[in-house]
Amino acid sequence: MLLALVMPAGAQSKSYNLAKWVEIQTSLLKELNRSYVDSLPLDRIEKAGIDAMLGSLDPYTIYVPQEENEDLQMMINKTYGGIGALIYKESARSDLFINEPYAGSPAVRNGLQCGDRILEIDGKSVYDLDTKGCSDRMKGKPGTEVVLKVKKVRSGEEKAIRIVREMIRIPDVQYYGMLDDGTTGYLLLGGFTEGVASQVREAVRKMRDEQGMKRFVLDLRGNGGGLLNEAVDLVSVFVPKGSLVVSSKGKDAGETRNYRTTLEPVDLEMPVIVLVDSASASASEIVSGALQDLDRATIMGGRTFGKGLVQSIRPLPFGGQLKVTTAKYYTPSGRCVQAIDYSHRNPDGSVGHIPDSLTREFKTSHGRTVRDGGGVTPDVQLEFKDYSRLTYSVVLGGVIEKYVLDYVARHDSIPAVEDFHFTDYEDFVSFAKTREFDYRSEARTCFDQMKKELEKDGLTATVSAELEALGKALDMDKEQVLRLKKDEIIPFIEEELAVRYYFQEAGVQIRLRYDYQLQEALKSPLVEI
């Protein structure tokens, strides 16, 4: 009888609290609308309030108003209505360029290429618009038309180009093919949108049956995830039909759901390597965690991100949608890879990672030990290439991107990807030295910080001679620093140029040429599973 009384009381308490706060918020808004000194910006303050409320739960539960539904589709399905090209605009009052058209896109079919300057969109100048404003004008409903006034990159001819927008889908299978050893197949996967598992299945079958693949590398580095069912279907390529891949558990105990493979495998024996890193999340962790727990693949790289939460889409009034966390997922061994505990916040509202001391041990199918609470820990740790401060500066600061646009304007073509090597580094140095970027070395940066600390402590005068000598030894001009880091920077230039002339797949091929982690993975012995 006591249990029967307590349970309804709990339900009544939750209903009462919900009704109380709904009434308080409604009354508050009505009073503000009636009494506030200025006109009340209802749309802005309500959106800010909703965002703050949901943000106090976790970063993945968000409200999407009707006008942002296209952005949600881009996030979930990597699709949008447009012409299929990346654009580049240095600032609001600057020229707009076609930076990277997608292979087979309406942009390519209508003759647009890297370096073409867009002067007008539908008869309106783009000079005063920012990048987003230009992008928004070029996007639109598939089947509609956009008219671009274009100045061609090499001829300088100005012409109007009419392009019918299409549904553009950014492919998740970014590249697949055989590596140089002739027996290893490789596939780079960028996400888990609808249909991607069948594409992986077909690629694996083709490389095995037609190209003699004896070993397969699935690259999930940087893959932020996507659809859970696609992750399950991808695992089915390598494990017996009916295998448990993942379980999801919601608020109530009865909401547990098991996801098993429903398709016949392509190969149960071929050695599989899965590459992961700290940006491999969600569905990537479902795949790597399942293949690890089922002892079907050797996971290599770095510890994954640690997102063990499942989101669902719920419709809301006036065309809005709620992307809400509805469950946590668990790998076949029973572990949850969630790294951050959003349900237990610090007094200041911040959250922290689950410490290793509080993680638990689980067992794979063959009895190997794995742990929960912080992503998927790889079976084989691989070192990451450590780039210099200068390389980050020229890459993230857009120096290479600007140089590539300049290079394309001066060169009609480059050799085929397999033969292309960027050899005119002095041309890049001449270009880069005229651009503004932070070219200080790591040592110089530390030296500058040390000087500030010495000044705070009043010790500068006592070591002034030593500081002056050390400062002179560390001083280098832009050209010196750029030449010093030549070997680091050239691969980035090669990749960007290959993309501009031969599209994204060519860029991946160049990247593989310099992929230190992949090279180490192929030399590492597979874990006994």
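Each of 342, 60, 258 was placed along the dipole of the chain (beta-carbon charges, centred on the mean Cα), and the one lying farthest toward the positive end is 258. DSSP bridge analysis restricted to the chain gives an antiparallel fraction near 75%, rounded to the nearest 5. For Cα Rg over 2.2 N^0.38 Å, pick the label among [x] 1.08; [y] 2.47; [z] 1.15 that corresponds to the value derived from the coordinates. It is the value labelled [z]. For residue 246, the residues whose modelled amide H falls within less than 5 Å of its own, excluding neighbours fewer than 5 places apart on the same chain, are 259. Computed 3J(HN,Hα) for the stretch 184-189, one whole-Hz value per residue from the Karplus formula 6.51 cos²θ - 1.76 cosθ + 1.60 where θ = phi - 60°, is 9, x, 9, 9, 9, 10, glycine and proline marked x. From its DSSP helices (H runs of at least four residues, each -39,500 (n - 2.57)), the chain gives a residue-normalised ellipticity at 222 nm of -11500 deg cm²/dmol. Counting only protein heavy atoms and a probe of 1.4 Å, the accessible surface of the chain is 53% carbon and sulfur. Phi angles of the stretch 201-215 translate, via the Karplus equation with coefficients 6.51, -1.76, 1.60 and θ = phi - 60°, into HN-Hα couplings of 4, 5, 5, 4, 4, 5, 5, 6, 7, 9, 10, x, 5, 10, 8 Hz per residue; Gly and Pro are given as x.
Close amide H pairs (under 5 Å, H built 1.01 Å from N) link residue 140 with 81, 82, residues at least 5 positions away or on another chain.
Our coupling estimate for the stretch 74-80, obtained by passing each phi through the Karplus curve with A = 6.51, B = -1.76, C = 1.60 and θ = phi - 60°, is 5, 5, 7, 10, 6, 10, 7 Hz, Gly and Pro reported as x.
Distant-in-sequence amide contacts of residue 175, defined by a placed amide H-H separation under 5 Å and a gap of 5 or more residues or a different chain, comprise 188.
The values are calculated or read from the model by the stated rules, or taken from the named source; none is laboratory data. Just so it is clear, the structure is predicted and the values come from calculations on it, not from any experiment. Neighbour counts are summed over all protein chains in view; Cβ atoms, including those assigned to glycine, are modelled from backbone coordinates with ideal geometry. When the accessible area is computed, the model is the full protein with side chains, heavy atoms only, and any ligands, DNA or RNA have been set aside. Shrake-Rupley method; radii C 1.70, N 1.55, O 1.52, S 1.80 Å.
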